[in-house]
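Data block below; observations after.
The values are calculated or read from the model by the stated rules, or taken from the named source; none is laboratory data. Everything quoted here is computed from the prediction, not taken from an experiment. Note that each Cβ is placed from the backbone with ideal geometry, even for glycine, and that neighbours are counted across all protein chains shown.
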Amino acid sequence: MGHFFKILSDRPQVIKSENFGNAHKEDDLQQWVDICPEIINEGKPLLSLGREITTQYGHYIDNMCIDAMGTVVIAELKRGRTVRGVTSQLLDYAIYAKGLSHAALDKLAIKKHGKTMGDAFRDLFGFDFPVAHNVEHRLIILAEDFDARTIEHCQYLQEHGTPVACIKFSLYGRNNEKTLQTETVLGEIPKQENIAQSTTVPLHRFKLLADEIEKRTLKLSNNSNDLLSFNKAKMSLNLAPQWWPNTNWSRAFFVQQSSDATMVTVGFWYHIIMYENLDEVIHDALVNLNFTKPVTWQNTPKYKSLITYHGALPETETGTAVDAIWDALLELIENMRPVVDKYFSDTEIEGDKS
């Protein structure tokens, strides 16, 4: 975590760390985050929606905020070291956040700031609240230290698509001269710069595109009695046959908006550790498959993405640009579906044994 020194009359003095629990309660930490939510956002601004917010299960969320992307930020604060069960609390809060509507956010903003979400958001960030998408959320645990079980649980949540970050804090100084230091030890805090110029309008355009692709795919699926599952997020549309094992979206065809919010990619992504030998099966099959454009790959330590289309985000939900994306998705499904179907038919996946 590093060390801090103060200089008095050109004489350095070490600032000793203080055990937070010796002189403070979790309520103090909640109040600090409510006043300065940047504590849980690596210094970036957040709009606080209050603390001790009651969920449908009668539990209380320590702190809730909105970031510049319009994402709900749920924070669980712990004095001292995290204990077993903190991640289950967080999941309860995530279920509550998932069901939030824009009207519910308005009520929270009015209660906290005396104005609607749109007005409070605009006053802080200087641009309009992006209402064109569903309410997304991410999770934060802020604690003095983390036990190994909590870290392991949060890593699992991350690997299965739940955005969660663990932030460690240390308190230095005494009396009225205190310094709070934070460090993100697991996960990441999203970049939120220039959101007004880069993503607010493109997010709306991508939603229109995703809605159109979903409509076309459902029509095709219904006509062929081939049921598909969908998973729509702010910047991606994932789809897969319902019978495929592991419905945690560790494998799927996708249409995704690029990180710079101006481009769209079409591809198929899969977990290379969870699905043993699938990577080899796909690479072998590619020798005999025909795609209109050369395929490319995007790799992470645990996932691979086969990319078959990369182009500009369409201005509208119809037209030749949308047709090109649709054609690329159909071509990808027609080529890759038989390969992956056969793999899942021949392979018993851990966790899906009957």
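For segment 66-85, a residue qualifies if it is crowded, with 20+ Cβ neighbours inside 10 Å and β-branched (Val, Ile, Thr), and the qualifying residues are Ile66, Thr71, Val72, Val73, Ile74, Thr82.
I'd like to verify a number: residues in segment 113-128 that are surrounded by fewer than 18 Cβ atoms within 10 Å (Cβ to Cβ) and modelled with pLDDT of 85 or more, how many?
First, pick out the residues of segment 113-128 that are surrounded by fewer than 18 Cβ atoms within 10 Å (Cβ to Cβ): 114-116, 118-119, 122-124, 126-128.
Next cut, modelled with pLDDT of 85 or more only: 114-116, 118-119, 122-124.
Count: 8.
The listed residues are Asn222, Asn231, and the only one of them that is modelled with pLDDT under 85, at negative phi, in a helix (DSSP H, G or I) and not acidic (Asp, Glu) turns out to be Asn222.
Condition check ((1) out of contact with any helix residue (DSSP H, G or I) (no Cβ under 7 Å at 6 or more places or on another chain); (2) outside the structural domain of Arg122 (by TED's automatic domain parsing); (3) within 22 Å of Leu186 (Cβ to Cβ)) across all residues:
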site: Asp34; (1), (2), (3): yes, no, no
site: Glu42; (1), (2), (3): yes, no, yes
site: Leu47; (1), (2), (3): no, no, no
site: Gly50; (1), (2), (3): no, no, no
site: Thr54; (1), (2), (3): yes, no, no
site: Tyr60; (1), (2), (3): yes, no, no
site: Asn63; (1), (2), (3): no, no, yes
site: Ile66; (1), (2), (3): no, no, no
site: Val72; (1), (2), (3): no, no, yes
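Of all residues in segment 45-57, those satisfying the criterion of being at pLDDT 90 or above and either of a type in the set (Lys, Arg) or within 22 Å of the chain's Cα centre (by Cα) (or both) are Pro45, Leu46, Leu47, Ser48, Leu49, Gly50, Arg51, Ile53. Based on what the data block shows, is Thr316 within 25 Å of Glu212 (Cα to Cα), over 27 Å from the mean Cα position of the chain (by Cα) and surrounded by fewer than 16 Cβ atoms within 10 Å (Cβ to Cβ)? For Thr316, the condition - within 25 Å of Glu212 (Cα to Cα), over 27 Å from the mean Cα position of the chain (by Cα) and surrounded by fewer than 16 Cβ atoms within 10 Å (Cβ to Cβ) - is not met. Looking only at segment 42-58, residues that are outside any strand (DSSP E or B) and at negative phi come to 6 in all. Taking segment 253-323 and the strands (runs of 3 or more DSSP E) fully enclosed by it, the elements with 1 or more residues that are touching a residue at least 40 places away in the same chain (Cβ under 8 Å) are at 263-271, 303-312. Taken over segment 130-153, residues that are under 26 Å from Leu237 (Cβ atoms) and not in a strand (DSSP E or B) amount to 7. For the criterion of being in contact with a helix residue (DSSP H, G or I) (Cβ under 7 Å, 6 or more places away or on another chain) and modelled with pLDDT of 90 or more, Leu171 fails. Scan Val131, Val135 and give me the residue that is buried (at least 17 other Cβ atoms within 10 Å of the Cβ), at pLDDT below 90 and more than 27 Å from Asp27 (Cβ to Cβ). Result of the check over Val131, Val135: Val135.
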